[in-house]
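*Asks:* Let me give you the structure first, and then I'll get to my questions.
The values are calculated or read from the model by the stated rules, or taken from the named source; none is laboratory data. The shown structure was predicted, so the numbers you read here are calculated from the model rather than taken from an experiment. Quick reminder, even Gly has a Cβ in these numbers, built from the backbone with ideal geometry, and neighbours come from all protein chains shown.
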């Protein structure tokens with residue numbers, strides 16, 4: 001189980017399969033703007049109302065904590081050619 005800790009709701013436990021499913025959904029969106037908007041919407045829902053594990057999974061899959069800080073550097077992700085060292 002993965003955990004997202006928020007100031008409003010404390011710890012929200014989410015199964016790793018749900019985070020994986022949401023990460024796949026974010027990847028299928030294609031455009032970075034759509035991914036960012038989807039994650040931001042989930043963050044707003046978490047802040048506004050009761051804790052939903054699906055929203056916590058979206059935030060974790062987006063690579064951000066509850067405050068919007070990146071959990072990891074984007075180059076740590078296996079996405080296309082960004083993991084290769086620069087030429088030269």
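*Asks:* Just to check your reading of the model, which residue among 67, 37 is exposed (fewer than 15 other Cβ atoms within 10 Å of the Cβ) and either modelled with pLDDT of 85 or more or part of a helix (DSSP H, G or I) (or both)?
*Replies:* 37
*Asks:* On to the next question. Which of the residues spanning the range 8-19 are part of a helix (DSSP H, G or I) and loosely packed, with under 12 Cβ neighbours inside 10 Å?
*Replies:* Correct list: 16, 17.
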